[in-house]
1. Out of (1) under 30 Å from Val337 (Cβ atoms); (2) in a helix (DSSP H, G or I), the odd one out for Thr403 is which?
2. Inspect the stretch 410-427 for any residue being of a type in the set (Val, Ile, Thr) and either open to solvent by less than 40 Å² (accessible area, probe 1.4 Å) or closer than 28 Å to Thr335 by Cα (or both) and give the result as yes or no.
3. Out of Ile370, Ile433, Ile442, I need the residue that is farther than 30 Å from Glu459 by Cβ, at pLDDT 85 or above and of a type in the set (A, V, I, L, M, F, W, C). Which one?
4. Please specify each residue of the stretch 230-267 satisfying the condition of being surrounded by fewer than 19 Cβ atoms within 10 Å (Cβ to Cβ) and among the hydrophobic types (A, V, I, L, M, F, W, C).
5. Looking only at the stretch 175-196, filter to residues that are among the charged types (D, E, K, R) and within 24 Å of Lys247 (Cβ to Cβ); which one of those is nearest to the chain's Cα centre (by Cα)?
6. Starting from residues that are closer than 14 Å to Val226 by Cα and aromatic (Phe, Trp, Tyr), keep the ones in the stretch 186-216 and report whichever is surrounded by the fewest Cβ atoms within 10 Å (Cβ to Cβ).
7. Among the residues of the stretch 136-168, count how many are open to solvent by less than 40 Å² (accessible area, probe 1.4 Å), in contact with a Phe, Trp or Tyr (Cβ under 8 Å, 6 or more places away or on another chain) and under 30 Å from Gly211 (Cβ atoms).
Amino acid sequence: MENFLAGKKVALDEGESDLVISDDKLQAFISLAGEESSFDSLNWPELWNKVREQGVVYGLLEEPEQVDAKTVLIARGKPPESGKDAFFQIVVKTGTGSNVSNDGKKTDSRVDHRELGHIVNVRKGQLLLKKIVATEGEPGKDVFGNEIKVKKGKDRRLKAGKGVELSEDGMEARAAVQGEFILNDKKPFVYEEHEINGDIDLSTGNVRFSGVFLRISGQILPGFRVECLGSITIGQGVNNATVISDKSVTINGGVVGSDSVIKALESIKVDFCENTGLLETKGDLELTDFIVQGHVRVGRDIKALQGKGAIIGGDCIAGGSIYSLELGSDGEAVTRVTAGMNTVIEKRKAKIEQIRKTLRPKLNEYLKSINTLSEMKKEQGKAFTEDNARALASMNKILPKLTDKDSALCEKEEELEQDIKKGLNQRVYVFGILYPGVKVTIANVSRVIDSMESSVVLEYMKKQQKIHIRPLTDEEKQRKIPDVS
């Protein structure tokens, strides 16, 4: 039937009431036409038949709904639901320095305002975005039963920037590298390098970066913390702050303050250090000027061969050798240096010794119990109880595992002992002045210097069990850092 009624009135019963259809054909009304007309006086069964005759067949209500004093709604169509456009759902949770969590719930208000979480770190292979496909939408129906066409949602293609890879079906974007996740114009990027132009202060907060390189042009101010899984370069020094790297740390400028902590797995390079906390690395420490009252733990060499090249005061321990232009000072500041002592190896060895210390009594106890139960089994024969039999079987099963564990620990302990013995070959090289008052330790043997020396090597003499001082050879003077076998 043609929908000529839309937006018009059609008389239904001799001027008593009219059928009214909304312009969008989604609603049908009955409206009282006469001044004296009332809904109670209408012949509703006949009225419904006339409504159907006019083509209103969809969405008829069981009971009319009052709209106003002279109008009731009798039919309601189904509006179309337009299709939704495709969109990209962000999967990565972003950091926050506020007291509101990612789910919108309030957390403890006692927050550290240095934790701003500006950098969003992601790991390689981590899901960043996923595409939610466009929907077809749901067609509607008007009160005449005609279908109302629907607009389909628009499709969108997921794009990947640098450091991001798409799945074969184009539905997911994942990090191809480890680093910082950035969404730029709805396009994901993951950067392995990050640069901060300026200082680490309240405007930046603490910095944690999972990429391969972090560059900071300014300084790190007191109380702040910088961590990176890669290398870190700092342009203007560290003041009573913490820097931790899984690679190397390079500091242009100084490290000052007893609360300063610098840790790196590979190496540390710094211009100078004054009254510092801990500098720790499994690799080398290179000073391009001097260190005064520092506390150093390195797995390999300490090198102070540029600028003043001075090590004055403090406590410096190296798993390798120590090289400096000057060691100690005129004022005979208490300066302690140790060569050939790898603190990491020492800790591992101590830990193994502690484990074996608790393991051996347990082994002895098991052996004693097994021997006792075995003798009882021989003597008692069939009278040997089932509980004792189970206990014996259990201990016979566990004992080989404990023995293997003890043997492996013993073997590892011997390997570490050999590594420690290699420290006997390490030396302390002083290419300038060695001052009185310096305490030098090699292979657990110490010597306090009682006179000024110049251009010397301090080395451990195994036969004499003491530290010997000898002049630098011409080759050592020329090469500065000789090969140490």
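1. (1)
2. Yes; the residues of the stretch 410-427 include at least one that is of a type in the set (Val, Ile, Thr) and either open to solvent by less than 40 Å² (accessible area, probe 1.4 Å) or closer than 28 Å to Thr335 by Cα (or both).
3. Checking each option against the conditions leaves just Ile370.
4. Ile244, Leu265
5. The extreme case among them is Glu180.
6. Phe213
7. 4
Each row is one residue, and each column tells you yes or no for (1) of a type in the set (A, V, I, L, M); (2) modelled with pLDDT of 85 or more.
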{"site": "Ala75", "(1), (2)": "yes, yes"}
{"site": "Lys84", "(1), (2)": "no, yes"}
{"site": "Gly97", "(1), (2)": "no, no"}
{"site": "Ser101", "(1), (2)": "no, no"}
{"site": "Lys105", "(1), (2)": "no, no"}
{"site": "His118", "(1), (2)": "no, no"}
{"site": "Gly125", "(1), (2)": "no, yes"}
{"site": "Leu128", "(1), (2)": "yes, yes"}
{"site": "Val133", "(1), (2)": "yes, yes"}
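The values are calculated or read from the model by the stated rules, or taken from the named source; none is laboratory data. Please read all numbers here as calculations on a predicted model, not as lab measurements. Heads up, the Cβs are rebuilt from the backbone with ideal geometry, glycines too, and the neighbour counts pull from every protein chain shown. Ligands, DNA and RNA are stripped out before the accessible areas are found, and what is left, the full protein with its side chains, is counted by its heavy atoms. Shrake-Rupley method; radii C 1.70, N 1.55, O 1.52, S 1.80 Å.
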